[in-house]
Amino acid sequence: MQNDIVKTLATHRKSSRLFRTETPPIKDIIYALETARQAPSGSNMQPTSFIFIDNSNVKAKVRLASEKGEKRFYDGLVEDRKRWYMEKELSWHKPNLEEAPFLIAVVADSSKPNFFASAWVSVAFILLALEEKNLSTVTYTPSNPSLVAEALGLPKIQQVITILPIGYDADPKLKEPRKPLKEIIKYNDFDTPFIE
Ligand SMILES: Cc1cc2nc3c(=O)[nH]c(=O)nc-3n(C[C@H](O)[C@H](O)[C@H](O)COP(=O)(O)O)c2cc1C
């Protein structure tokens, strides 16, 4: 096995909010979900399910519910925060939820211990597996997940964790910079850097 494959995948991946129209092979999505299945979870309760969506009516419903929540969220923002989102080119519009060839709605059984963290660990596995297949996504976290849960007709106990629009990258936006290692690794206590 190549030595630094996980680090290479983690380093290369970036979020994509714009996708080519070309449809990826379904087997690559299954590959990513098989990888997610191997993720650890709290008490091995495996609370996470993945709704694979390729139906345009379902995508449209997800978009509508998402945008309804986002509109409320953006309308409630103070001016400073609004400007910050605008500078990041983020808005309440979520066209990629309809334009991406596929969506995966990651949902989790909220009655299980550590369901939220467990679901996110599986999302991390998905991100790396997609990168390996040259596919891109963004971990969209709806401002009002209940509206999306309702649109998907989920049982009350199931919580929407994130929606992943998936396709081939067409987003000119570059990967965001990361903090240097020496800033984030501490040695024995919080104040002592591990690397000088
Ligand atoms: C928990 C979490 C929630 C996020 N929610 C959103 C979101 O709702 N909308 C969005 O466009 N990006 C979202 N992102 C993507 C981040 O903005 C993105 O990962 C970050 O800016 C770093 O950029 P990069 O992934 O290109 O390196 C989220 C990422 C994480 C990990």
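What follows is calculated from the coordinates using simple rules that are stated; it is not laboratory data. Note that the coordinates shown come from a computational prediction; the quantities given were computed from them, not determined experimentally. We place every Cβ from the backbone using ideal geometry, glycine too, and count neighbours over all the protein chains shown.
Among the residues that make up the stretch 185-192, is at least one of them assigned to a loop (DSSP other than H, G, I, E, B), over 14 Å from residue 69 (Cβ atoms) and away from the ligand (no atom under 12 Å from the Cβ)? Before the answer, list the steps.
Of the residues in the stretch 185-192, the ones assigned to a loop (DSSP other than H, G, I, E, B) are 185, 188.
If we keep only those that are over 14 Å from residue 69 (Cβ atoms) as well, we get 185, 188.
In the following step, the residues that additionally are away from the ligand (no atom under 12 Å from the Cβ) were identified as 185, 188.
Yes, some residue in the stretch 185-192 is assigned to a loop (DSSP other than H, G, I, E, B), over 14 Å from residue 69 (Cβ atoms) and away from the ligand (no atom under 12 Å from the Cβ).
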message = With the condition being basic (Lys, Arg), I'd like the helices (runs of 4 or more DSSP H) fully within the stretch 66-169 carrying at least 2 qualifying residues.
response = 79-87
remark   = Residues of the stretch 131-184 being more than 10 Å from the ligand (Cβ to nearest atom) and among the charged types (D, E, K, R), in sequence order, are 131, 132, 133, 150, 156, 169, 179, 182, 183
Check on residue 76, under 19 Å from residue 142 (Cβ atoms), within 16 Å of the ligand (Cβ to nearest atom) and either exposed (fewer than 12 other Cβ atoms within 10 Å of the Cβ) or polar (S, T, N, Q) (or both) = yes
